[in-house]
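The values are calculated or read from the model by the stated rules, or taken from the named source; none is laboratory data. Note that this is a predicted model, so its numbers are computed, not measured. Reconstructed Cβ throughout: ideal geometry from the backbone, glycine too, with neighbour counts over all protein chains shown.
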Ligand code: SF4
């Protein structure tokens, strides 16, 4: 699904971030005798994210979406395949270039309580890295930038917050600090991994709005990882949704197109599980009769399409041949029936 343009020997990619046949396997111990087994958390995933795009990656827990996020950030090495940043394989960059990439690719983790050191004031969460990456010339400029960042994420007046310890903040305020820290080094790409799942519903909307606004104002590219299709739709309303199932991306395209007309049976099943207030849309969105509600274990490799054990539309080929992502209209779908 990628197109390369080569100018002067350099690959000019149309994407800011790209995964090419990206695979990650982990060794796990199984059963009473702790025998070793391999699971494939991410299985030859290929997709691209354009500069400034806001994408939501959706799937049930354990489907590999967080592993994919960590691979894209260069936090873990792939077992095979490539991650390209502006057309260059991040694992072939020089040490200096890799450090620059890591500044440009930040994470907003799920749990702000783990992300902030409880013994350090917020100034210590922000100022040192602004200085380390030479975003400010000196300490007073860095402090001024830290105040501006706190204001930007809605912690106002920032002078009241900068010398507080995290223990004096609510969960929502802590998550705002974590977001301020992620954007403090002016990254081009942010992975927000279940960044709102620990917050209550009203705060969730505020934080999603804020990340959306930051993405638009700072032209930051966002990948939001979530198990909640409603959250994905809200965040990526002008962007794209990618649906992941057992290590594969099965559908990716513009958010409203996918929500209004899902093509992959798994996307249909996910959507059918969401309650909708509009009875007309509810009638149109018929539930699909899955053969099983259980997600199969990754410990036993599944041949063909991994959804065939649950898919009510499975045909003979589905058990034998793995469907590739194919362009269908405006989007990519991995299903033999599309
Ligand atoms: Fe269902 Fe076959 Fe499509 Fe997989 S490839 S989603 S099993 S119809």
(request) Report yes if residue 240 is buried (at least 18 other Cβ atoms within 10 Å of the Cβ), away from the ligand (no atom under 16 Å from the Cβ) and at pLDDT 95 or above, otherwise no. (result) yes
(message) Between 102, 143, which is under 20 Å from residue 186 (Cβ atoms), over 26 Å from the mean Cα position of the chain (by Cα) and in a helix (DSSP H, G or I)?
(response) 143
(request) May I ask you to say which residue of 305, 335, 318 is modelled with pLDDT of 95 or more, closer than 13 Å to residue 269 by Cβ, crowded, with 17+ Cβ neighbours inside 10 Å and within 10 Å of the ligand (Cβ to nearest atom)? (result) 335
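Each row is one residue, and each column tells you yes or no for (1) under 26 Å from the mean Cα position of the chain (by Cα); (2) surrounded by fewer than 16 Cβ atoms within 10 Å (Cβ to Cβ); (3) under 30 Å from residue 296 (Cβ atoms).
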site	(1), (2), (3)
65	yes, no, yes
95	yes, yes, no
98	yes, yes, no
127	no, no, no
136	no, no, no
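Somewhere in region 275-292, is a residue in a helix (DSSP H, G or I), surrounded by 15 or more Cβ atoms within 10 Å (Cβ to Cβ) and either away from the ligand (no atom under 16 Å from the Cβ) or modelled with pLDDT of 80 or more (or both)?
no
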(request) Looking for whichever is over 24 Å from residue 65 (Cα atoms), at pLDDT 95 or above and touching a helix residue (DSSP H, G or I) at 6+ places or on another chain (Cβ under 6 Å) here; the options are 158, 187, 118. Which one fits? (result) 158
(message) Pairs please, first residue from region 238-255 and under 19 Å from residue 61 (Cβ atoms), second anywhere and part of a loop (DSSP other than H, G, I, E, B) and away from the ligand (no atom under 16 Å from the Cβ), Cβ atoms under 6 Å, 6+ apart in sequence or on different chains.
(response) 247/64
